Amino acid sequence: MKIDVLQGDITKLDVDAIVNAANSSLLGGGGVDGAIHRVAGPELLAECRTLGGCPTGEARITGGYRLKARHVIHTVGPIFRGGSQGEAALLASCYKSSLKLAVENGLHSVAFPNISTGVYGYPKEEAAQIAVKAVQDFLATADSLHVIFCCFDDENLRLYRSMLGL
Ligand code: ADP
């Protein structure tokens, strides 16, 4: 089991799977979702169209097409509405569902963006605590996985580094 933190553009990573913070249509959007589709190319959208969407907290896997990553795991984070609408459990479920799919597909290296902390408005510190705990809990049962937290902004980088002691 291994966890790393880095800062940068998740679309550049050479890993078995990058995770996409998608919306429930799986048909593309802004932020990291837009960046992933731009780099992966139209074949990714074509495969996503066959999936029929994805509920919040769940995950779906596709090919990576023109990305360096072999696969994209699309997960739908919760929109933050104050914290009393089950957001924390849904966000934890995004990380767990994504890692479960990775294991089921024989993948070893998985990179996550900071799900829900962009336009979905999740407070970054709470989101980072949930992400770290969900991944650590999962890794206790799957020791061949290498998880990378790919932070985009300085605040997330600082939070993940301090929570993981890196
Ligand atoms: P959400 O709708 O789940 O909030 P966003 O894409 O708006 O999704 O933001 C999720 C996180 O992804 C934010 O922390 C944002 O800064 C980050 N992000 C945006 N573009 C990229 C990228 N190319 N690589 C990695 N992270 C990114």
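A few notes on this one:
- For the range 68-166, a crude dipole built from +1 on the beta carbon of Lys and Arg and -1 on the beta carbon of Asp and Glu, taken about the Cα centre, is about 180 debye to the nearest 20.
- Hydrophobic, long helices, defined as DSSP H runs whose alpha-carbon span along the helix axis is 20 Å or greater and whose mean Kyte-Doolittle value is at least 0.5, occur in the chain at 87-104.
- Look at the dipole of the chain built from charges on Cβ: of GLY121, LEU26, GLY77, the Cα furthest out on the positive end belongs to LEU26.
- The helix-only estimate of mean residue ellipticity at 222 nm for the chain, built from DSSP H runs of length n ≥ 4 each weighted as -39500 (n - 2.57), is -12000 deg cm²/dmol after division by the residue total.
- Length-normalised contact order of the range 2-164 in % [C-alpha pairs under 8 Å, at least 6 apart]: 30 percent
- DSSP bridge pairs, the chain: antiparallel proportion in percent, nearest 5: 20 percent
- Magnitude of the charge dipole for the chain, about its Cα centre and with charges confined to Cβ atoms of Lys, Arg (+1) and Asp, Glu (-1), is about 160 debye.
Here, each number is a calculation from the coordinates, and none is a lab measurement. Please read these numbers as outputs of a predicted model, since none were measured by experiment. Note that each Cβ is placed from the backbone with ideal geometry, even for glycine, and that neighbours are counted across all protein chains shown.
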